[in-house]
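One structure is given here, and the rest of the page talks about it.
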Amino acid sequence: MQAGHVPVLLQEAIDFLNVRQGGTYLDATVGLGGHSSEIAKRLGAAGHLIGCDKDPAALARAKRSLAGPSITVEEKLTPGAPASEGRARADWPSVELVHGSFADLASGLPAASTDGILADLGLSSLQLEDAARGFSFQAEGPLDMRMNPQAELTAEQVVNRMDERKLADVIYEFGEERRSRRIARAIVRSRPIRTTAHLAEVVSAAARPMNPRERRIHPATRTFQGLRIYINHELDDLGTLLNEASRLLKPGGRLVVISFHSLEDRMVKDALRHGVRLGYYRLLTNKPVSVSRQEIDRNPRSRSAKLRAAEKVRERSAGTA
């Protein structure tokens, strides 16, 4: 496991996945490989683990987490690229790492081909702690926020080019920020904005906390969240994940999703309950599993995490969504 990286709800996620030796498992957001390492330990040589991530830097770190002396790792940095192979350790599964979003990967996977799917939707420590990536206002850096550095749209482009009304809509819809119009107006008046620190300063001045509850989080938190979700198409990709999971899972296979804000959690909850109503899912979590006080003490960033899980009980009927 990478130094400084703490997988959230690790034991709970592994327990709900109920990893079958020799099975095929998909980590749709492999990150630095913390959850995947625990899955791999339980798969055995006949198993197959697929890890997917938009961030090539995270994939490079995940490769080290999931490899070692005499271990085979098949690395496909882009779909269809040649795989590199080594000599397999006797008890280690084959591992395939794919650069891209789950939405890009899913259509190429056969129906009923996986025994479990895991998605940890949070940012990794690698992304948050690198000021040059522009995800955090805790340190000054360029306004980037791209999970995939090869993507075209950056936060700087959105902040400085988007018209005021659309910008307010993005901040409201994806950041759940009630003062979005005031914030968007302040951003437009302050252009050009080039750094995370400057943006945080502008937003903080426009959205000062009005009560003790609001003072618990930084005034720019929701604006940064909204921009990041919009730039990286996070909710679109989650929608694809939730729709495709029931097709990809074998009967008895399990879906485990860890979310970090209400927009994600609501989508996961609704999708799983919809699957239960149609008869192809059985809920494993009637309420979301939250992080323990002990885990929050070890990893304060985990405090908002919620885990939901379901088991596929039968094939989805043709034509159902």
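The values are calculated or read from the model by the stated rules, or taken from the named source; none is laboratory data. Every value quoted in this text rests on a predicted model; they were computed, and no experiment measured them. Cβ sites come from the backbone with ideal geometry, for glycine too, and all protein chains shown count toward neighbours.
If you filter region 290-313 down to residues that are of a type in the set (Val, Ile, Thr) and part of a loop (DSSP other than H, G, I, E, B), you find that the one that is farthest from residue 116 (Cα to Cα) is 291.
In region 135-163, the residue that is surrounded by the most Cβ atoms within 10 Å (Cβ to Cβ) out of those that are among the polar types (S, T, N, Q) and not in a loop (DSSP other than H, G, I, E, B) is 160.
Give the number of residues within region 250-278 that are within 20 Å of residue 123 (Cα to Cα), surrounded by 23 or more Cβ atoms within 10 Å (Cβ to Cβ) and of a type outside the set (A, V, I, L, M).
Within region 250-278, the subset within 20 Å of residue 123 (Cα to Cα) is 255-268.
Filter once more, keeping what is surrounded by 23 or more Cβ atoms within 10 Å (Cβ to Cβ): 255-259, 268.
Within this subset, residues satisfying the condition of being of a type outside the set (A, V, I, L, M) are 259.
Summing the residues that are within 20 Å of residue 123 (Cα to Cα), surrounded by 23 or more Cβ atoms within 10 Å (Cβ to Cβ) and of a type outside the set (A, V, I, L, M) in region 250-278 gives 1.
Identify the residue in region 164-175 that is within 16 Å of residue 229 (Cα to Cα) and out of contact with any Ser or Thr (no Cβ under 7 Å at 6 or more places or on another chain) and, among all such residues, is surrounded by the most Cβ atoms within 10 Å (Cβ to Cβ). Among those residues, the one meeting the criterion is 167. Need the failing condition index for residue 227 against (1) within 21 Å of the chain's Cα centre (by Cα); (2) crowded, with 18+ Cβ neighbours inside 10 Å; (3) outside any helix (DSSP H, G or I); (4) not small (Gly, Ala, Ser), just the number. Going through (1) within 21 Å of the chain's Cα centre (by Cα); (2) crowded, with 18+ Cβ neighbours inside 10 Å; (3) outside any helix (DSSP H, G or I); (4) not small (Gly, Ala, Ser) one by one, residue 227 breaks only (3).
Restricting attention to region 8-33, the residues that are crowded, with 24+ Cβ neighbours inside 10 Å and not aliphatic (A, V, I, L, M) add up to 5. When restricted to residues that are of a type in the set (Ser, Thr, Tyr) and either farther than 19 Å from residue 120 by Cα or outside any loop (DSSP other than H, G, I, E, B) (or both), region 280-289 contains 2. Sub-7 Å Cβ pairs linking a first residue in region 288-310 that is in the same structural domain as residue 259 (by TED's automatic domain parsing) to a second residue that is modelled with pLDDT of 90 or more and acidic (Asp, Glu), at least 6 apart or interchain, are 288/265; 289/12; 302/295; 306/265; 307/12, ordered by first then second residue. Considering only residues of region 280-297 that are farther than 20 Å from residue 261 by Cα and of a type outside the set (Phe, Trp, Tyr), which is surrounded by the fewest Cβ atoms within 10 Å (Cβ to Cβ)? Per the stated criteria, the residue is 294.
The one condition from (1) touching a Lys or Arg at 6+ places or on another chain (Cβ under 9 Å); (2) assigned to a helix (DSSP H, G or I) that residue 199 does not meet is (1).
Per the listing 213, 273, the residue uniquely at pLDDT below 95 and of a type in the set (Lys, Arg) is 213. Looking across 303, 282, 308, one residue alone is under 20 Å from residue 252 (Cβ atoms), under 21 Å from the mean Cα position of the chain (by Cα) and charged (D, E, K, R). It is 308. Regarding residue 277, is this residue more than 17 Å from the chain's Cα centre (by Cα), in a helix (DSSP H, G or I) and among the charged types (D, E, K, R)? So residue 277 fits the description; yes.
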